[in-house]
Amino acid sequence: MTVVELADARLAFGDRVLWAGLTLDVRAGEFIAVLGPNGTGKTSLLKVLLGQMPLSGGTATVTGQIGYVPQHRSMDGNLTLRGRDLVGLGYDGHRWGLTGPRTRAAKREIVATALGQVDGAHLADLPVGVMSGGELQRVRIAQSLATDPALLLCDEPLLNLDPANARLISSLIDQRRREAGTAVLFVTHEVNPVLPYVDRVLYLVDGRFRIGTVAEVMTSATLSELYRADIQVVKIGEQYVVVGDASGHHHV
């Protein structure tokens with residue numbers, strides 16, 4: 001089943017074209033990493049799929065519920081909001097009015113199930129303000145799973161996490177897509193933590209893009225063509241190092 005269909009999609013702000021001619025079908029259970037330097041429309045792509053931003057041309061179709069995992073940001077240490085409360089917002093944060101006992105019981109069960117899916121039952125009563133970065137992202141993933149999404153949109157969820165927690169969060173997202181057939185669009189600057197799980201890569205640079213497997217896209221020739229500059233991709237063991245892109249960043 002196809003969960004996302006982008007057909008000749010174009011996104012522009014005035015004369016500035018972020019991308020154009022983007023055609024992409026994302027299948028159920030597929031894990032796609034969205035890569036590229038800042039300002040190339042990675043997060044904007046997620047906003048289009050969330051319905052928060054209109055396309056300038058073409059079409060975008062999403063089938064089923066969407067879950068969203070935001071960038072990692074720490075929370076105020078004085079917050080008394082518990083893990084279960086944050087997850088619960090993913091279930092009924094958009095609803096208004098009073099809820100009956102059956103609804104509350106259903107919510108408790110859904111929240112407990114979502115926390116269990118990320119091995120986070122022990123975080124249910126922990127205040128979010130005292131959680132570590134990895135614990136907080138685990139709860140945020142649980143929040144995104146509360147509506148049993150067919151599509152999981154992840155916007156730099158590994159930002160500011162140490163390597164161990166980056167690997168943990170990546171593996172939890174992969175576990176969800178394998179167990180439930182959830183499609184994943186994973187925006188990141190660092191492909192290495194998700195390399196074991198990625199089916200395809202969408203690489204965006206200055207209005208241009210390439211779509212393919214990691215082996216097809218992460219090459220010196222492909223990235224040099226995208227950046228229109230001399231880019232060197234070095235593979236050390238199972239890790240990719242990209243040197244020389246126009247933004248001055250080194251992707252590791």
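Each reported figure results from applying straightforward, stated rules to the coordinates on display, with no laboratory input. Small disclaimer: the values here were computed from a predicted structure and weren't measured. FYI the Cβ positions are ideal-geometry reconstructions off the backbone, even for glycines, and counts take in every protein chain you see.
Between 0 and 90 degrees, the angle of helix 101-117 with respect to the longest Cα principal axis of the chain falls at about 50 degrees. Estimated from helical segments only, the mean residue ellipticity of the chain at 222 nm is -9500 deg cm²/dmol, where each DSSP H run of four or more residues counts as -39500 (n - 2.57).
Between helix 133-145 and the chain, what is the angle of the helix's C-alpha long axis to the longest principal axis, kept within 0 to 90° and rounded to the nearest 10? The angle comes out at about 80 degrees.
Dipole check for the chain: with +1 at the C-beta of Lys and Arg, -1 at the C-beta of Asp and Glu, and the Cα centre as origin, the magnitude is about 600 Debye.
Radius of gyration over Kirkwood radius for the chain, both on Cα atoms: the Rg/Rh ratio is 0.99. Around the Cα centre of region 1-76, unit charges on the Cβ atoms of Lys, Arg, Asp and Glu (plus for the first two, minus for the last two) sum to a dipole of about 160 debye. The angle separating the long axis of helix 83-92 from the principal Cα axis of greatest extent in the chain is about 80 degrees.
Approximating the spin labels as points 7 Å out from Cα along Cα→Cβ, the Glu225-to-Leu55 distance works out to 2.4 nm. Think of the chain as having a plus end and a minus end, set by charges on the Cβ of Lys, Arg, Asp and Glu; of Ser74, Ala106, Ile32, Ala106 sits farthest toward the positive end of this dipole. Here each label is just a point 7 Å from Cα along the line to Cβ, and for His189 and Gln175 those points are 2.8 nm apart. The distance between label points at Gln239 and Val130 comes to 3.5 nm (points 7 Å beyond Cα on the Cα→Cβ vector). Extension gain for Asp15 to Thr103 (0.36 nm times residue separation, less C-alpha to C-alpha distance): 26.8 nm. Since only Gln117, Ala20, Leu45 are under comparison, the one whose Cα sits farthest along the positive direction of the charge dipole of region 1-141, derived from C-beta charges on Lys, Arg, Asp and Glu, is Gln117.
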